[in-house]
Amino acid sequence: MKFSELVQQLDPTATTSLAIGTGHDPDIAGVSAIDDPHPHTLSYIESSKFASHIATTPVSALILPVDAELQNKASDRGLAWIASPLPRKLFAQAIAVFYQPFRLEAELHSTAVIHPSVRLGEGVAVGANVVIQANVTIGNGVCLHPNVVIYPEAQIGDRTILHANCTIHERTQIGADCMIHSGAVIGAEGFGFVPTPEGWFKMQQSGYVVLEDGVEVGCNSTIDRPALGKTLIRRNTKIDNLVHVAHGCQVGENCIMAGQVGIAGASKIGNRVILAGQVGIVDHIEIGDGAIASAKAGIHHNVKAGEIVTGIPAIPHKAFIKATAVFSRLPEMYQTLRRLQKQLDKGES
Amino acid sequence: MKFSELVQQLDPTATTSLAIGTGHDPDIAGVSAIDDPHPHTLSYIESSKFASHIATTPVSALILPVDAELQNKASDRGLAWIASPLPRKLFAQAIAVFYQPFRLEAELHSTAVIHPSVRLGEGVAVGANVVIQANVTIGNGVCLHPNVVIYPEAQIGDRTILHANCTIHERTQIGADCMIHSGAVIGAEGFGFVPTPEGWFKMQQSGYVVLEDGVEVGCNSTIDRPALGKTLIRRNTKIDNLVHVAHGCQVGENCIMAGQVGIAGASKIGNRVILAGQVGIVDHIEIGDGAIASAKAGIHHNVKAGEIVTGIPAIPHKAFIKATAVFSRLPEMYQTLRRLQKQLDKGES
Amino acid sequence: MKFSELVQQLDPTATTSLAIGTGHDPDIAGVSAIDDPHPHTLSYIESSKFASHIATTPVSALILPVDAELQNKASDRGLAWIASPLPRKLFAQAIAVFYQPFRLEAELHSTAVIHPSVRLGEGVAVGANVVIQANVTIGNGVCLHPNVVIYPEAQIGDRTILHANCTIHERTQIGADCMIHSGAVIGAEGFGFVPTPEGWFKMQQSGYVVLEDGVEVGCNSTIDRPALGKTLIRRNTKIDNLVHVAHGCQVGENCIMAGQVGIAGASKIGNRVILAGQVGIVDHIEIGDGAIASAKAGIHHNVKAGEIVTGIPAIPHKAFIKATAVFSRLPEMYQTLRRLQKQLDKGES
């Protein structure tokens, strides 16, 4: 398509937020990354840090930040361009113009096993070997990929997508526009055992899991239900692969949890919290809004809103960085200390 | 039901271990948590730490510890109560009075694929799309949820429950009263490769996995079989989600492994060992009975019975706590040390 | 079989690299580990460290290293033996003589759902309830275990084995002689979200995953596809259970990743790199050929070829070991430092 048509699709209404270069109007066949660029494509530059690419890139058009210098450089090379205060978001929109992920047809596969009590919305796609048990409610436009299993009394909201081989346990409530990736398990029994002199005594997990609208759960991640009440993930929170959220946790809106994060029982995470890869949080912790935990942080104490923490146990990020810089000098410090001690002891004697 | 009936169900025989309050006999409609209490329910208080709830809770009855002061407070408010040396266990029993998890009907679903050589016990439930391969033995009262796959020659003991989408590999022996949660994989090939000048050479894993009676394995956890002999999890050990137990490990009775624990090949874990979340244990380690590893501990050396270890590498917990308290002062210590050194060098010159 | 026949099978051509003991020719019924030895079996000894076993082992034959002393000891006891510069590799070959893992018959199970556009090679085994979607290509001798799901346009190379309940997403290219273990998910959407004032905006993941020949991926591991281009695992790299490789990573040949390793987006790993259990690597990192990361290392900076790194953040292994040895003395150092400071301040005043 012509660059001008693409621009029209990317931002048909809010044109005021965009500046569009006055160059020619090339054909755009797709998108490519600025460090792996292809001719006849659109690419993007996040900031002036990547300005050097403009002089040599073989692409035909660029998404630029709002930066007159970069825009002039692009125009000088005869590249078509569009500028935005959020160039990466615009590039994501451009990818979606050229690519949409695979979806099943809106039909019920003949091998699916659907209990007669299931309430199915309109335009639902149910793949091969899907199993939907009693009293489940499936919203409009839901897509269940092959081999998904849904236990009784679960609810799946409109347009939500469940990928292959994932399992939704009894009473789970999944909102609209969610995506559950392959192999994820939502709503299984929390890990609840009471220590007794005879060993571990099982506490039944009578609660359920709630995922609000727009939540994503990554491949093979697990979110458990509690003994009583609910485990809650609020709207638009995004969870990566192999993450474990234990029974009774409450996670706020618009959080990000990277791969292999683990949160123990009954912890409360605020809104817009970012947990980097392999972070661990012990039980009954509270994390304030907008807090950030660095990769591998081990959180044993509450974290205030906006705080950035690092390390095991996690401490304020800046303190960790400073202490870590000295860590490898510990042996040298130890030797110096012993030498000083001897000097001083000798001096005193 | 009446409180008195509930008490009867909770402890029909061993009444001597219980004290029952002399208040009225309210109707109990269910259970609720003390920090999320509901009228007409039974709740519980673990210890005097939570005593303040008694004055205000809207519940109708309480499980209390053996503590006359708490009991008097409850009686004074007209609350029915029952006291036990293990109040949390009694509360778990109360939950089970009002709630039992979903179970399949004891029938073979028409879509299940069961090899003719399979020996099925009585009262077995086999869900939709379950696949059971040659020479598998299934005990009485076993429940196989949808899409479970069992490889040849596995044995599943009486009353054991396998949740959806889990996979049991060849020759695995699972005892009675076990629970394998959704997506878990038991008995797959251990990660065995021999380094050679031409690259990694595969060592076939001819062994098998044994889970004794009462073992639980969490969602998406994996327990591998070894090249020779067996990987063994002894009775009543409970394993949480996303845990990895490598080939040839031996784990004792009544252990607890929290989420995302990893144990490398051929390590030996004693009885009643507790491994908190994200603990890692390298290969060929021995952990003594009753040892505890704190969250995220990295165990590179044997741990004695009863020891509590923390940190990476793991050291005795108290030493870790003390050292950690100083850690963030390292930069200050470094500066002080340099200053002292200068002072002393100047003094000596 | 006779020991001589076994030797013939183990190394029919390259006999020059082997020395064979001149003892008698016992019947060998199987293999056993040297620390769990059985009569009438072949076992192996890695090095002189295990020499003491020779005097007492009940096995009938041994694989030995090239070490005249060990060989003489074995001969003296009347044990048959064979010596090799790679005794462990030879033992792996011996296991494979007596044991081959379960394989499905080369037939298409009647319950498999195979799209008419799928191209199937010769001698393919497709298990029960397998789902293969449009335009997938399956090579010769491929084995798909029950409940595997393959999304459209994936390619599976000759002789590759996919175990039960694993999921291969759209456009994934898997080479020849690969093994994907149960529950693994290959080619799912990378975790790509753009921060905007309104929250996280999804970036579609239009790329794909490539596994070259001889790659293994462990149970419940996940390898994601990127927004653009590909995630690449080069030939003969072996990945253990519960590992996460994020979108856009490139991993070299003959690498080893132990259980629960996590690699964030767009990192580049060289050839023959070893990542021990629970290692984490942040995004956009480069790891040189032959580097080694110790268990639980957290890699925040590039690692040079051949370097061994340990700790969080990872530093050279030797420096980490030295610093760690002092770590538990930190409280004592702190006290000493304060005392010296007081002494010195007093001396100066």
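The values are calculated or read from the model by the stated rules, or taken from the named source; none is laboratory data. Just so it is clear, the structure is predicted and the values come from calculations on it, not from any experiment. All Cβ positions, glycine included, derive from the backbone under ideal geometry; neighbour counts span all protein chains shown.
Looking across B:V97, B:V59, B:V113, one residue alone is buried (at least 16 other Cβ atoms within 10 Å of the Cβ), within 23 Å of A:Y208 (Cα to Cα), in contact with a His (Cβ under 9 Å, 6 or more places away or on another chain) and within 14 Å of chain A (Cβ to nearest Cβ). It is B:V59.
Criterion applied to A:V279, A:V251, A:V261, A:V303 was being crowded, with 24+ Cβ neighbours inside 10 Å and more than 19 Å from B:S294 (Cα to Cα), and the one residue passing it is A:V251.
Looking at this structure, is A:V194 crowded, with 21+ Cβ neighbours inside 10 Å and either assigned by TED's automatic domain parsing to the domain that holds A:L275 or over 14 Å from the mean Cα position of the chain (by Cα) (or both)?
Numbers: crowded, with 21+ Cβ neighbours inside 10 Å: no; either assigned by TED's automatic domain parsing to the domain that holds A:L275 or over 14 Å from the mean Cα position of the chain (by Cα) (or both): yes.
So A:V194 does not fit the description; no.
Would it be correct to say that B:E69 is in contact with a strand residue (DSSP E or B) (Cβ under 9 Å, 6 or more places away or on another chain), among the acidic types (D, E) and surrounded by fewer than 21 Cβ atoms within 10 Å (Cβ to Cβ)? When the stated conditions are applied, B:E69 does not pass them. Note down all Cβ pairs under 9 Å where the first residue falls in region B:243-261 and is at negative phi and at pLDDT 95 or above, the second is of a type in the set (F, W, Y) and crowded, with 24+ Cβ neighbours inside 10 Å, and they're at least six residues apart or on different chains. Going by the 9 Å Cβ cut-off, the qualifying pairs are B:A246/B:F191; B:H247/B:F191; B:I256/A:F191; B:A258/A:F191; B:G259/A:F191. Considering only residues of region A:297-310 that are over 18 Å from C:A264 (Cβ atoms) and not small (G, A, S), which is nearest to the other protein chains (Cβ to nearest Cβ)? Across region A:297-310, the extreme among qualifying residues is A:H300. Filtering region A:325-338 to residues that are assigned to a helix (DSSP H, G or I) and either more than 9 Å from chain C (Cβ to nearest Cβ) or of a type outside the set (S, T, Y) (or both) leaves A:A325, A:V326, A:F327, A:L330, A:P331, A:E332, A:M333, A:Q335, A:T336, A:L337, A:R338.
Of all residues in region C:253-265, none are among the small types (G, A, S) and more than 30 Å from A:C219 (Cβ to Cβ).
How about region B:136-202: which strands (runs of 3 or more DSSP E) wholly inside it have at least 1 residues that are among the polar types (S, T, N, Q) and either without any contact (Cβ under 8 Å) to a residue 40 or more places away in the chain or within 14 Å of chain A (Cβ to nearest Cβ) (or both)? Walk me through it before giving the result.
Numbers: elements: B:185-189, B:193-196, B:199-202.
The qualifying strands (runs of 3 or more DSSP E) are B:193-196.
Scanning region A:132-166 for residues that are of a type in the set (G, A, S), within 25 Å of C:Q133 (Cα to Cα) and in contact with a Gly (Cβ under 6 Å, 6 or more places away or on another chain) gives A:G139, A:G141.
Scanning region A:224-278 for residues that are among the polar types (S, T, N, Q), more than 9 Å from every other protein chain (Cβ to nearest Cβ) and in a loop (DSSP other than H, G, I, E, B) yields a total of 2.
Identify the residue in region C:74-94 that is charged (D, E, K, R) and more than 10 Å from every other protein chain (Cβ to nearest Cβ) and, among all such residues, is surrounded by the fewest Cβ atoms within 10 Å (Cβ to Cβ).
Residues of region C:74-94 charged (D, E, K, R): C:76-77, C:88-89.
Now drop any that are not more than 10 Å from every other protein chain (Cβ to nearest Cβ), which leaves C:76-77.
Values: C:D76: 11, C:R77: 14.
This residue is C:D76.
The residue that is surrounded by the fewest Cβ atoms within 10 Å (Cβ to Cβ), counting only those in region C:135-163 that are under 21 Å from A:G183 (Cβ atoms) and among the hydroxyl-bearing types (S, T, Y), is C:T160.
Of all the criteria given as (1) over 30 Å from C:R103 (Cβ atoms); (2) more than 13 Å from every other protein chain (Cβ to nearest Cβ); (3) at pLDDT 95 or above, the one not satisfied by B:V124 is (1).
Name the residue, out of C:E107, C:E122, C:E212, C:E170, that is acidic (D, E), assigned by TED's automatic domain parsing to the domain that holds C:G229 and out of contact with any Phe, Trp or Tyr (no Cβ under 8 Å at 6 or more places or on another chain). Steps first, please.
Numbers: C:E107 fails: assigned by TED's automatic domain parsing to the domain that holds C:G229; C:E122 fails: assigned by TED's automatic domain parsing to the domain that holds C:G229; C:E170 fails: out of contact with any Phe, Trp or Tyr (no Cβ under 8 Å at 6 or more places or on another chain).
Just one listed residue meets the conditions, C:E212.
Every residue, every condition in (1) more than 10 Å from chain A (Cβ to nearest Cβ); (2) part of a helix (DSSP H, G or I); (3) among the β-branched types (V, I, T); (4) crowded, with 19+ Cβ neighbours inside 10 Å, yes or no:
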{"site": "C:A295", "(1), (2), (3), (4)": "yes, no, no, yes"}
{"site": "C:I312", "(1), (2), (3), (4)": "no, no, yes, yes"}
{"site": "C:A323", "(1), (2), (3), (4)": "no, yes, no, yes"}
{"site": "C:L340", "(1), (2), (3), (4)": "no, yes, no, yes"}
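For the condition of a type in the set (D, E, K, R), under 19 Å from the mean Cα position of the chain (by Cα) and on the phi > 0 side of the Ramachandran plot, what is the one hit in A:K268, A:K296?
After applying the criteria, what remains is A:K296.
Each residue in region B:1-21 was checked for being within 13 Å of B:S60 (Cβ to Cβ) and either modelled with pLDDT under 65 or assigned to a strand (DSSP E or B) (or both), and 1 of them qualify. Just give me the residues in region A:123-134 being out of contact with any Leu (no Cβ under 9 Å at 6 or more places or on another chain) and either charged (D, E, K, R) or surrounded by fewer than 22 Cβ atoms within 10 Å (Cβ to Cβ) (or both), in sequence order. Within region A:123-134, A:G123, A:A134 qualify.
Might you check whether a residue that is among the charged types (D, E, K, R), in a helix (DSSP H, G or I) and out of contact with any Cys (no Cβ under 9 Å at 6 or more places or on another chain) occurs anywhere in region C:83-100? Before the answer, list the steps.
Taking region C:83-100 as the starting set, the residues that turn out to be among the charged types (D, E, K, R) are C:88-89.
Imposing the further condition that a residue be in a helix (DSSP H, G or I) reduces the set to C:88-89.
Subsequent filtering for residues that are out of contact with any Cys (no Cβ under 9 Å at 6 or more places or on another chain) retains C:88-89.
Yes, region C:83-100 has at least one match.
Sub-6 Å Cβ pairs linking a first residue in region A:215-228 that is assigned by TED's automatic domain parsing to the domain that holds A:I161 to a second residue that is among the basic types (K, R), at least 6 apart or interchain, are A:E216/A:K238, ordered by first then second residue.
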